1. List the number of the failed condition for Lys227; all other conditions in (1) within 15 Å of ligand 2 (Cβ to nearest atom); (2) within 24 Å of Ile287 (Cβ to Cβ); (3) surrounded by fewer than 23 Cβ atoms within 10 Å (Cβ to Cβ) hold.
2. May I ask you to verify whether Glu236 is within 15 Å of the chain's Cα centre (by Cα) and more than 15 Å from Gly185 (Cβ to Cβ)?
3. Within the bounds of the stretch 90-98, is there any residue that is at pLDDT 95 or above, in contact with a His (Cβ under 9 Å, 6 or more places away or on another chain), buried (at least 16 other Cβ atoms within 10 Å of the Cβ) and more than 22 Å from Gly9 (Cβ to Cβ)?
4. Could you tell me how many of the residues in the stretch 96-133 are under 28 Å from the mean Cα position of the chain (by Cα) and not aromatic (Phe, Trp, Tyr)?
5. Any idea which of (1) under 20 Å from Gly9 (Cα atoms); (2) without any contact (Cβ under 8 Å) to a residue 12 or more places away in the chain is the one Lys42 doesn't satisfy?
6. As an exercise: evaluate Gly272 against (1) at positive phi; (2) at pLDDT below 95 and give the number of the one condition it does not meet.
7. What is the residue count in the stretch 213-232 for residues that are in contact with a Pro (Cβ under 8 Å, 6 or more places away or on another chain) and away from ligand 3 (no atom under 15 Å from the Cβ)?
8. In the stretch 363-383, what residues are within 30 Å of Thr308 (Cα to Cα) and of a type in the set (A, V, I, L, M, F, W, C)?
Amino acid sequence: MNTIVTKFGGSSLADANQFRKVREIILSDDRRKFVIPSAPGKRNSKDFKITDLLYLCHAHIESGIPLDDVFNLISNRYKAIVCELEISLDIDNYLQKIKNDIENGASKEYAASRGEYLNGIILATYLNFKFIDAKDVIIFNKYGSLDTDATYKALNSVLSKSEKSVIPGFYGSDSNANIVTFSRGGSDVTGALIAASINADLYENWTDVSGFLMADPRIVKNPMQIKKITYRELRELSYMGASVLHEESVFPVRNAGIPINIKNTNMPLDPGTLIVKDMEPDYDNPIKGIAGKKDFTVISIEKAMMNTELGFCRKVLSILEQNCISFENMPSGIDTVCVVISDSQLKNKTDILVDEIRRTCTPDSIVVHPNMALIATVGNGMSSNKGIAAKIFSALSSNNINIRMIDQGSSEINILIGIENDDFEKGINAIYNSFN
Ligand code: ADP
Ligand code: ASP
Ligand code: MG
């Protein structure tokens, strides 16, 4: 193995002490050549993330409120890190420029990106590595989406000339030199792109937990750790809310066949979780993990002989498309079809949709179920393994939880159930306990 790309999350770089741990990890292995830092995260549960404070600074200026108080919180965090690490860096100068830029109307994405930018400069100086500004290597198109070809081209040309560099995560730029960010948690994506571009042997993702756990530790007490998982299983879990790794970070490394290792900065000797392309299903432990999200609405449409009506589902979907709404899921029966839509997509357009479906599709009935949560139970050992769904359903029913919707993809690695938002935490615990 020659090259490891290492990404450190916000909690791993939240203060000077965390920076010391990070330095020790990086310098302990000469193959750790490219380092991707996030912005400083929370030091404790009551603390603020720097990225949140930067968004707040921008919002202050937009509303005509001075940003000094909020910006001081940011300045003090960075100044303390630089001072305690005894780094020779004129951090005041950088801070002053960023403050001026935000006060003079810099964009929201520019403001948000400065957390990673400053952490990148500090970490590069501390490690004596080269600093590469992400604006020069992560390229977005004019619609704000990643321009993959331009990004790989830029990364190849810059990284091939660089040994040991720090590249801040989360942002890049477009062809007009505007700073553009990924969605929240996007430093994971930057790390994955860099790993893929240099065909790294391993992409290490360092965070504050010892790998991927079977369930969100904020919901289930001390969940078991997952030792090894496939990209596919991981994608299902991250998409459904297991927020350890940004869901889009799987694609670049999966395509290049690079394993991901999730590791704990505070317990660096723990092996963490290894994410690989393929592995033999474990039929004795068929469930890899459980994840879920709240706040969905299900529109349930019923019409006799729907199965023989050509184009029925197409009509429903084109109504969604015309209203710029993407749907999550569409389980169907002989005479019924349900459309599951996240409330963030729906944005109070429920009545418009229901009216249009009623007019265009003339169903026998159409019922809206709001306040739904979705829970995904994922594992490649589930396929051809009898009784898994039965176990999930009986776990829920013995906890008095009503199941509103069930869907199992044809790949048989995911069983999705819809329950009331209020039952969400209880539901995850019930499923977890029934398999452990
Ligand atoms: P970072 O700042 O290092 O990127 P994140 O906060 O993005 O870290 O991700 C790590 C957090 O993800 C953990 O602290 C944990 O609270 C949360 N999390 C949610 N689901 C899981 C899971 N299945 N396994 C481990 N952690 C999880
Ligand atoms: N700092 C950014 C955020 O808080 C990006 C990241 O953490 O990866 O979303
Ligand atoms: Mg993260």
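The values are calculated or read from the model by the stated rules, or taken from the named source; none is laboratory data. A quick note: this is a predicted structure, and the numbers were derived from the prediction, not measured. Every residue, glycine among them, receives a Cβ derived from its backbone with ideal geometry; neighbour counts consider all protein chains shown.
1. (1)
2. Numbers: within 15 Å of the chain's Cα centre (by Cα): yes; more than 15 Å from Gly185 (Cβ to Cβ): yes.
Yes; evaluated as a whole, the condition is true for this residue.
3. no
4. 23
5. Against the list (1) under 20 Å from Gly9 (Cα atoms); (2) without any contact (Cβ under 8 Å) to a residue 12 or more places away in the chain, Lys42 comes up short only on (2).
6. (2)
7. 4
8. Ile366, Val367, Val368, Met372, Leu374
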